[in-house]
Amino acid sequence: MTTEKTALTANSTIGAWLQHPAGEQIVRGIAAQAGMDDHALSVLRKVPLGLLIASSQNAPEGLIDTLVAKANGGRVPSDTEATGLAWVETITPGRFDGKTVIVTGAASGIGRAVASRVAREGGRVIAVDITADRLDALVAEVDGHQVIPVAGDITSEAGIAAIVAAADGQVDALANVAGLSDDFAPMHEVSDVILERVFNVNVFGVIRLTRAVLPLMIAAARGSIVNIASEAALRGSSSGLAYTASKNAVVGITKSTAFMYEPYGIRANSVAPGGTLTGMRPVNTNEFGLSRINKQRADVPIAVPQALAASITFLLSDDSVNINGAILPSDGGESVF
Ligand SMILES: NC(=O)c1ccc[n+]([C@@H]2O[C@H](COP(=O)([O-])OP(=O)(O)OC[C@H]3O[C@@H](n4cnc5c(N)ncnc54)[C@H](O)[C@@H]3O)[C@@H](O)[C@H]2O)c1
């Protein structure tokens, strides 16, 4: 029988659903339909079921409510009654008051979570992405806060000019989050198309936008830059050649920037995310690369994008005043496995 103590909600983690008799049956049923094995379920154990379903493109409307009712014998409990709740983001009110923060990749995943959190903590966000419609959804979600959408490409001169123009002379922080995955191809099979596509966004886009923003930070004698790297910057076994090389370049960009602009009161740091539940997927996966990567895959839970935003906004904010040139793994420990 379902009791209040064992209630499940949309915000309960998949791990909590698996520990609940009715919940386990439901989750295992969904996993079987999606062709997921026990390992795939295990890496999702810290993800709230509601979030997983929301991130799936073909889930029918209202599915999570149906599942919650089914697990609790027809009753839909409030989140405060539930056990096994997911980690909940806690806002620091006013942390970004008076600050202008540029966030790239703001329409999806980690960038969206960063933009949303900075805005809800009082910042004026220049939210940059190539996909305009999803930027509009972000603006609607944080209604009442300051989000200026810029539908622009960080690899084009026009895109960079539009971002700088939107900042209107003030940039206190820059989060270079936009990035692309590769196809997991190893050195002997990497194509020029993938090399150029990945480096254009992950490396040259980061350099060109930062180069355009730095004069404003130098004039203000302050600024915080956070570049998003990856596990791939720490190990050779998490992606293909192009992505791994690009994220190692991000580490070099971060260290050079941190060193060169220290006298100007500008800090540059990097966050290296582990697996995170976002829209990023490898395209046309290379067979050899995928088989090598799968052999090494650590049994570490996937994180929600808000957990990455917690690390990134810390480095963007004045709370990280004494940190410069750091490469911070935010991966639940994956890099030590
Ligand atoms: N998801 C993960 O598991 C993971 C792990 C390690 C590192 N990362 C890194 O985190 C960052 C964010 O990735 P995510 O997982 O949130 O991916 P995502 O695909 O959900 O979001 C990336 C966003 O960047 C935007 N973008 C791509 N190219 C752009 C361009 N030229 N100009 C402007 N915007 C552009 C995309 O439209 C998209 O909205 C990336 O740098 C990625 O390499 C992600």
* Asked: Could you give the accessible area per residue of the stretch 122-258, probe 1.4 Å, as a whole number in Å²?
  -> 41 Å²
* To do: List the aspartates and glutamates whose Cα lies under 15 Å from the Cα of Lys70, skipping any in the same chain that are fewer than 8 positions away.
  => Glu4, Glu24
* Starting from the Cα gyration tensor of the stretch 9-74, take the square roots of the eigenvalues, sort them a ≥ b ≥ c, and report rounded, prolate or oblate (rounded when a/c is under 1.5, otherwise prolate if a/b is larger than b/c, else oblate). => rounded
* Asked: Sorted by mean Cβ packing within 10 Å, highest first, what order do the peptides 134-140, 88-94, 330-336 take?
  -> 330-336, 134-140, 88-94
* Asked: What net charge is computed for the residues neighbouring Phe96, neighbours being all others with C-beta under 10 Å from the C-beta of Phe96, Lys and Arg scored +1, Asp and Glu -1?
  -> +1
* Report the relative contact order of the stretch 100-336, percent, no decimals, based on alpha-carbon pairs under 8 angstrom and at least 6 residues apart. => 21 percent
* Roughly how many Å is it from the Cα centre of the stretch 233-307 to that of the stretch 109-134, as a whole number? -> 20 Å
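Just to be sure I understand: of the beta bridges DSSP finds with both ends in the chain, what percent are antiparallel, rounded to 5?
The antiparallel proportion sits near 5 percent.
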* Percent accessible area from carbon and sulfur atoms, the stretch 100-336, protein chains only, probe 1.4 Å -> 54 percent
* Using θ = phi - 60° and the Karplus relation 6.51 cos²θ - 1.76 cosθ + 1.60, list the HN-Hα couplings for the stretch 223-230 in order, rounded to whole Hz, with x at every Gly or Pro. => x, 10, 10, 10, 9, 8, 8, 4
* Structure fact -> Per the rule of 0.36 nm per residue minus the C-alpha distance, extending Gln146 to Thr83 adds in nm 19.2 nm
* What is the stretch 109-183 by shape, rounded, prolate or oblate, if you read a ≥ b ≥ c off the alpha carbon gyration tensor as root eigenvalues and call it rounded for a/c under 1.5, prolate for a/b larger than b/c, and oblate otherwise? -> oblate
* Asked: With every protein chain left in place, what is the accessible area per residue of the stretch 9-74 in square angstrom, probe 1.4 Å?
  -> 54 Å²
* Assuming R0 = 45 Å, what is the FRET efficiency of Thr92 and Ser191, from their Cβ-Cβ distance, to the nearest 0.05? -> 0.50
* To do: Output ³J(HN,Hα) for the stretch 164-169: one whole-Hz value per residue in order, computed from phi by the Karplus curve 6.51 cos²θ - 1.76 cosθ + 1.60 with θ = phi - 60°, and x for Gly and Pro.
  => 5, 4, 5, 6, 6, x
* Structure fact -> Within the under-11-Å Cβ sphere about Arg117, not counting Arg117, Lys/Arg +1 and Asp/Glu -1 give a net charge of +1
* Structure fact -> Env charge @ Ser246, Cβ radius under 15 Å, K,R +1 / D,E -1, value -1
* To do: Please give, to one decimal in nm, the separation of the simple spin-label points placed at Asn294 and Ala54, each 7 Å out from Cα toward the Cβ.
  => 3.1 nm
* Divide by every residue of the chain the summed helix terms, -39500 (n - 2.57) for each DSSP H run of at least 4, and state the resulting mean residue ellipticity at 222 nm, rounded to the nearest 500 deg cm²/dmol. => -12500 deg cm²/dmol
* Asked: Over its Cα atoms, what ratio of radius of gyration to 2.2 N^0.38 Å does the stretch 100-336 give?
  -> 0.96
* Within straight-line cross-link reach of Lys295, lysines at Cα separation under 19 Å, skipping those fewer than 8 residues along the same chain -> none
* Asked: If the cut-off is 26 Å between C-alpha atoms, which lysines fall inside it for Lys99, apart from same-chain ones fewer than 8 positions away?
  -> Lys255
* Would you please put 232-245, 74-87 in order of how densely packed they are, using the mean number of other Cβ atoms within 10 angstrom per residue and starting with the highest? => 232-245, 74-87
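The values are calculated or read from the model by the stated rules, or taken from the named source; none is laboratory data. In this text, all values refer to a predicted model and were calculated from it rather than measured experimentally. Using ideal geometry, Cβ is built from the backbone for each residue, glycine included, and neighbour counts are taken over all protein chains shown. Just so you know, the surface numbers come from the protein's heavy atoms only, side chains and all, with ligands and any DNA or RNA stripped out. Shrake-Rupley method; radii C 1.70, N 1.55, O 1.52, S 1.80 Å.
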